[in-house]
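The values are calculated or read from the model by the stated rules, or taken from the named source; none is laboratory data. Predicted model, so just to flag it, every value in this text is computed and none were measured. Every residue, glycine as well, gets a Cβ built from its backbone with ideal geometry; the counts of neighbours run over all protein chains shown. Protein only, heavy atoms only, side chains kept; ligands, DNA and RNA dropped before computing areas. Shrake-Rupley method; radii C 1.70, N 1.55, O 1.52, S 1.80 Å.
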Amino acid sequence: VTAEEIGSQVALEYGQAMTVRVCKADGETMPVVVVQNASVLELKKALRRHVQLRQARQGGVQHLSWKYIWRTYHLTYGGEKLADDRKKLREYGIRNRDEVSFIKKLRK
């Protein structure tokens, strides 16, 4: 367990952070902890940290191209794309324990 994980759990207990569940197409759900007034970019960074920690623990692929991932996939909430990285999650209506979908972009 890292110090960052402990800090995020303490922030959750004091109501300074929230858990956003990111659902993949295969049915896997990843609980990601972000601060209450987090932006979409901060959610993406937290998702990246979550995946990297999990891979390090499981001994999986060590390097993922996140540039490729964000070009190929996007996050959606309630059918709306979380397209603006600067926009706050609160502006999209995302609250504690809400589910955000991790969906492959359609080709044009």
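For segment 44-87, enumerate the residues that are of a type in the set (D, E, K, R) and over 13 Å from the mean Cα position of the chain (by Cα). Arg54, Arg57, Lys67, Arg71, Glu80, Lys81, Asp84, Arg86, Lys87 - these are the residues of segment 44-87 that are of a type in the set (D, E, K, R) and over 13 Å from the mean Cα position of the chain (by Cα). The residues of segment 66-91 that are without any contact (Cβ under 8 Å) to a residue 24 or more places away in the chain and open to solvent by less than 60 Å² (accessible area, probe 1.4 Å), listed by number, are Trp66, Ile69. Checking every residue in segment 15-26 against the condition of being over 11 Å from the mean Cα position of the chain (by Cα) and of a type in the set (Asp, Glu) gives at least one match. Of all residues in segment 92-108, those satisfying the criterion of being open to solvent by 100 Å² or more (accessible area, probe 1.4 Å) and either of a type in the set (D, E, K, R) or in contact with a Lys or Arg (Cβ under 9 Å, 6 or more places away or on another chain) (or both) are Arg95, Arg97, Lys104, Arg107, Lys108.
Rundown of residues vs (1) aromatic (Phe, Trp, Tyr); (2) not in a loop (DSSP other than H, G, I, E, B), yes/no style:
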{"site": "Gly27", "(1), (2)": "no, no"}
{"site": "Lys45", "(1), (2)": "no, yes"}
{"site": "His50", "(1), (2)": "no, yes"}
{"site": "Ala56", "(1), (2)": "no, yes"}
{"site": "Trp70", "(1), (2)": "yes, yes"}
{"site": "Glu91", "(1), (2)": "no, yes"}
{"site": "Asn96", "(1), (2)": "no, no"}
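Checking each residue in segment 32-43 for being open to solvent by less than 70 Å² (accessible area, probe 1.4 Å) and in a strand (DSSP E or B) picks out Val32, Val33, Val34, Ser39. No other residue among Val22, Val10 is in contact with a Phe, Trp or Tyr (Cβ under 6 Å, 6 or more places away or on another chain) and either surrounded by 12 or more Cβ atoms within 10 Å (Cβ to Cβ) or assigned to a helix (DSSP H, G or I) (or both) apart from Val22.
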